[in-house]
1. Find the residue count for region 153-170, including only residues that are in a helix (DSSP H, G or I), under 23 Å from the mean Cα position of the chain (by Cα) and surrounded by 19 or more Cβ atoms within 10 Å (Cβ to Cβ).
2. Could you grab me the full set of residues in region 171-190 that are touching a Gly at 6+ places or on another chain (Cβ under 8 Å) and not in a loop (DSSP other than H, G, I, E, B)?
3. Quick one: E275 ticks every box in (1) surrounded by fewer than 24 Cβ atoms within 10 Å (Cβ to Cβ); (2) without any contact (Cβ under 8 Å) to a residue 60 or more places away in the chain except a single one, so which number is it?
4. What's the total number of residues in region 49-60 that are hydroxyl-bearing (S, T, Y) and modelled with pLDDT under 95?
5. If I go through region 73-82 residue by residue, how many of them are surrounded by fewer than 20 Cβ atoms within 10 Å (Cβ to Cβ) and in contact (Cβ under 8 Å) with a residue 24 or more places away in the chain?
6. Taking F145 as the residue in question, decide whether it is open to solvent by less than 50 Å² (accessible area, probe 1.4 Å), under 25 Å from I336 (Cα atoms), part of a helix (DSSP H, G or I) and touching a helix residue (DSSP H, G or I) at 6+ places or on another chain (Cβ under 8 Å).
7. Kindly indicate the residue of region 43-54 that is in contact with a strand residue (DSSP E or B) (Cβ under 9 Å, 6 or more places away or on another chain) and assigned to a loop (DSSP other than H, G, I, E, B) and also nearest to V109 (Cα to Cα) among those meeting that condition.
8. Check L137, L241 and return the single one that is modelled with pLDDT under 95 and either open to solvent by less than 10 Å² (accessible area, probe 1.4 Å) or more than 30 Å from E284 (Cβ to Cβ) (or both).
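The values are calculated or read from the model by the stated rules, or taken from the named source; none is laboratory data. As the structure is a prediction and not an experimental result, all values here were calculated from the model. Don't worry about glycine lacking a Cβ; one is built from the backbone with ideal geometry, like all the others, and counts go over all protein chains shown. Note: accessible area is taken over every heavy atom of the protein model, side chains too, but ligands, DNA and RNA are not part of it. Shrake-Rupley method; radii C 1.70, N 1.55, O 1.52, S 1.80 Å.
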Amino acid sequence: MKIEHVEAIPFRIPLKKASRWGAHGKRDAQEHVLIRVYAGGAAGTAEAPARPTIYGETQRSIVHIVRDTLGPMLVGHDALDREGYQAKLAAIPWNPTAKAALDTALHDVAAQALGVSLARLLGGKVKPVEVSWMLSLNFVDDEEFIQEAVRIREDYGIRTFKIKAGSDPAGDLRRLRMLREALGEDAILFIDANQLYSPAVAIRTINAMAEYGLAMAEEPVPIGLGAYRKKVADATTVPILADDSVFSLTDVRRELQDGAISVMGIKIARTGIYESMRIVHMAEGYGLPCWIGSQGVSGIGALASAHFASAFRSVTYPADLSTPLKQEDDLLEHPIDIRDGKLHILDEPGIGAQVSDEKLARYRLDW
């Protein structure tokens, strides 16, 4: 089954409210790239999110690397020869979300060709995936912050909340306490400090947060601190979640050997399906549970990630796949189905990402 054609279509969908995180991260729209791979009568669909402050990729760089280099390299190759096309992609360094989207689209093609869902192709089964909601740093005051969480729980049944933190440790602790009081003991709460705490501040703040049932702390200190990361992990009782420190399989091996993390973060948007499977198995070998992040993808990326989360038993934490609810619209013909705190996916061939021609025409960018 030969790869016939590869498409890279930039699009822009406004967010209902701007999102802010870390030292430099801010966006008010989904400025991503729709990736399509055509082979054997099937069209595989995926999404590449442009995150220049994280990976150095822009929307334009993703489009051009796929159209001019990666796509032409794949045309004529067997879509089911995963090892073969991975070797081709590996010849071009970096460009992680562009390559991850191509790999995900090719897995969609393979699943369609075999008449199974992506989850079943990966060896699992289709089941609802519990999701979390990210509370960003873009709020007027603490009360607005708390009200958002309460509303989301009431509207969608979501009971897990990821709290962006790092720039104001005292405020982070205060808001965690307020969330616990507002949501009760059954809510799962964790923070993402985006590497902004110093080791001393991280130890002090995380240990204080433990009193309020903090489930885990994502990347509390800079990833370049080496042994200090292990000291932070050893000095706290709260599990440390890896994200920025595990961009690749090589990073994963280092972090697992260093023993500085307790939960493995995986984002399909940056490691695709192929490498994400290798990461899951490596983490499982070290006895670590996994969490599926999203990189803020729209409905297309959320569906692919949900199939992946559904397939592996070591993915035990609620997945960060609710971002489509923050958008003004989506490219999907039918919006993702989040109810009772879970994203429901269909047991049908492929990922099930049916793109609306009308919506694509409305939101695509033509350069």
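1. Adding up the residues that qualify gives 1.
2. D172, R180, L189
3. Condition not satisfied by E275: (2).
4. Matching residues across region 49-60 total 2.
5. Residues meeting the conditions: 6.
6. yes
7. That would be A50.
8. L137
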